[in-house]
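The values are calculated or read from the model by the stated rules, or taken from the named source; none is laboratory data. Model, not experiment: these values are computed from the prediction. Cβ placement follows ideal geometry from the backbone for every residue including glycine, while neighbour counts extend to all protein chains displayed. Note: areas computed on protein heavy atoms with side chains; ligands, DNA, RNA excluded. Shrake-Rupley method; radii C 1.70, N 1.55, O 1.52, S 1.80 Å.
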Amino acid sequence: MLGYLAFALLCQGISLHAYDDLKEEESILSNINVDLFRVQRRVNDNFLSVAIDASLVAEEKYMYLLGSPKLRTLAKALTPAFLRFGGTKQDFMIFTPQNDFIKSRKLPKNVPFHQDDICERLELPPLLEARLKQGWAQQEVLLQKEEVEGIYKRVKFSEYAVDLLYTFANCSGFDLIFGLNALLRTGGNSWDSKNAEMLLGYCESKEYNMSWELGNEPNSYEKKAGIRVDGYQLGQDFIHLRRILQQSKLYRSSRIYGPDVSQPRDHRRDLLEGFLESGAKAIDACTWHHYYVNGRDTSLEDFLDPEVLDTLAIKTNEVLQTVDLASPGKKVWLGETSSAYGGGALGLSDTFVAGFMWLDKLGLSAKLGLDVIVRQVLVGSGTYHLVDANLDPLPDYWLSVLYKRLVGTEVLSAAAFSAPGVEKRRLRVYLHCTSKRSSTFRPGAVTLFALNLSKSPTKISLPPQISNSTLEAFVLEAGDSGEQGLYSRSVRLNGEVLKMVDDRTLPPLQGAPLPPSEHLKLPGFSFAFYVFKDAGTPACS
């Protein structure tokens, strides 16, 4: 990718060959320091996890998209991972068993689902898939309008939606987390659990193993539904859910995650503190949500701004300190996260430039001590999805798959330093042991991933601990060249545009072998994974 620098040179009448001659001298030189002897953090095996937005069930027929062979192929490449089913719509969902559902919605009694027909047999026919995808594109517009207006309708869902969701998770290899409706309240403003107990009873009868959440962003209940729930009461609601699960033979040891509050600010901090005081013992991990910017008024510059990226550390440290004071040792998750809230930023959150926010969030979150990151969303409404309405993978999908394949759970220390006078933090680097799930790399290998937020190429000076190792490079650049490249909805790996071979086959995602070297060259506006195959890192052996 020639990017902005080449575009500017062309405008000045300088040839592309002249650009090639200038690249070496125009490159920014950066040094990195690493520590290969000590594991700084360890994250969950399911660290990079994904969500399916509950808006998919606003019209139950769209849940049948989960039977798409193409979507399942894409999903399998992201495992092992948690699959969270939740979001704003979960607090407006009412479980309505089949008989009642048929009466109220006039669905046919012979809906084609049988629990014995698992995986291969429960696949969506191509013609029906095409019709559903066409309808879903229109449905997304309606859901986005609901989000903008802030008026949310209650929706009913039946056993079929649960069956389809669980089958998708089970056949893809996900650990399912189901979000229960917490806006069902009693006259005393405690959680009314009757509908949830009906759902739990059905799931237990089908022996569906899953974990649970209760409510989504309770700090916004007053805005969305005119109901205010304080932290103490929220904790009591979770304790109530724990007691219900303990009465079940199947779910007595099931995990509960919550309270899924938004990032700390005013009432949100009070809510989290109050919740932890009364309900910390009911949860297995504390979840909170993070987005960098408002999707309705953000810009391309925000997605590349180091100061915007650094705000994650400020918010994360606030949450970690709050949790540690109230419940020392409790794991903390980013239970929902992406680039921009409000459904994402149109023309940005589903393009190549979104990868800078996503990869930096993965690196920084692990470094700070977060245990799991749940990406909003694999599929669903909004523009921050990994897979578009046609079920085609977007740039952040390919980035996520490479992360899964190359980055392990052990976090090592790495820091970048640029020459004096160069704008700070434009090169961001993170170091992990290489994933042990890959048989390609030997024990002791390390994976360095780096982001170049500058339009100028960067030359990375490697420390002697790793400069003697052969390596494989996986360099990701925008699928389109030129000034508009950052807005591209495709991505190139080592120069080749990534796309599925067919609906059931991913491309090989091969790295480019490189000999030992004292320097790496990272193009402008790109990010990359470098696997040092012969590093022999003591901490990773």
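Regarding residue 216, is this residue of a type outside the set (A, V, I, L, M, F, W, C), within 26 Å of the chain's Cα centre (by Cα) and open to solvent by less than 10 Å² (accessible area, probe 1.4 Å)? Don't jump to the end; show me each part of the working.
On the way: of a type outside the set (A, V, I, L, M, F, W, C): yes; within 26 Å of the chain's Cα centre (by Cα): yes; open to solvent by less than 10 Å² (accessible area, probe 1.4 Å): yes.
For residue 216, the condition - of a type outside the set (A, V, I, L, M, F, W, C), within 26 Å of the chain's Cα centre (by Cα) and open to solvent by less than 10 Å² (accessible area, probe 1.4 Å) - is met.
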### Task
Report, by residue number, each residue of segment 357-381 that is open to solvent by 10 Å² or more (accessible area, probe 1.4 Å) and on the phi > 0 side of the Ramachandran plot.
369
### Query
Looking at residue 78, is it assigned to a helix (DSSP H, G or I), under 29 Å from residue 436 (Cβ atoms), aliphatic (A, V, I, L, M) and open to solvent by less than 20 Å² (accessible area, probe 1.4 Å)?
no
### Message
Just checking, does segment 322-336 include any residue being part of a helix (DSSP H, G or I) and of a type in the set (Val, Ile, Thr)?
### Response
yes
### Message
Tell me the residue from 187, 258, 235 that is open to solvent by 20 Å² or more (accessible area, probe 1.4 Å) and either at pLDDT 95 or above or farther than 20 Å from residue 85 by Cα (or both), please.
### Response
187
#### Entry: Residue selected from segment 195-213 under the condition over 25 Å from residue 153 (Cα atoms) and of a type in the set (Ser, Thr, Tyr), by the criterion most open to solvent (accessible area, probe 1.4 Å)
205
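Only one residue in 418, 413, 439 is surrounded by fewer than 19 Cβ atoms within 10 Å (Cβ to Cβ) and without any contact (Cβ under 8 Å) to a residue 24 or more places away in the chain. Which one?
Details: 418 fails: without any contact (Cβ under 8 Å) to a residue 24 or more places away in the chain; 413 fails: without any contact (Cβ under 8 Å) to a residue 24 or more places away in the chain.
Criteria check complete, one pass: 439.
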#### Entry: Inter-residue pairs, beta-carbon under 8 Å, first open to solvent by 50 Å² or more (accessible area, probe 1.4 Å) and in segment 137-157, second small (Gly, Ala, Ser) and part of a helix (DSSP H, G or I), 6+ apart
156/104
### Task
Considering each residue of segment 269-295, count those that are within 22 Å of the chain's Cα centre (by Cα) and either open to solvent by less than 10 Å² (accessible area, probe 1.4 Å) or modelled with pLDDT under 95 (or both), and give that number.
7
### Task
Output the qualifying pairs, or none if there are none: Cβ atoms under 8 angstrom, residues six or more apart or on different chains, first residue in segment 160-175 and over 21 Å from residue 45 (Cβ atoms), second residue hydroxyl-bearing (Ser, Thr, Tyr) and in a helix (DSSP H, G or I).
162/202; 164/64
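Which of the following residues is touching a Gly at 6+ places or on another chain (Cβ under 8 Å) and under 20 Å from residue 44 (Cα atoms): 323, 374, 319?
374
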### Message
If I go through segment 512-541 residue by residue, how many of them are in contact with an Asp or Glu (Cβ under 7 Å, 6 or more places away or on another chain), open to solvent by 20 Å² or more (accessible area, probe 1.4 Å) and farther than 16 Å from residue 467 by Cα?
### Response
3
### Task
Return the only residue of 363, 408 being of a type outside the set (Lys, Arg), assigned to a helix (DSSP H, G or I), farther than 30 Å from residue 89 by Cβ and at pLDDT 95 or above.
363
### Query
Mind checking whether some residue in segment 304-321 is of a type in the set (S, T, N, Q), in contact with a strand residue (DSSP E or B) (Cβ under 8 Å, 6 or more places away or on another chain) and surrounded by fewer than 20 Cβ atoms within 10 Å (Cβ to Cβ)?
yes
### Query
All but one of (1) touching a Pro at 6+ places or on another chain (Cβ under 6 Å); (2) open to solvent by 20 Å² or more (accessible area, probe 1.4 Å) hold for residue 491; which doesn't?
(2)
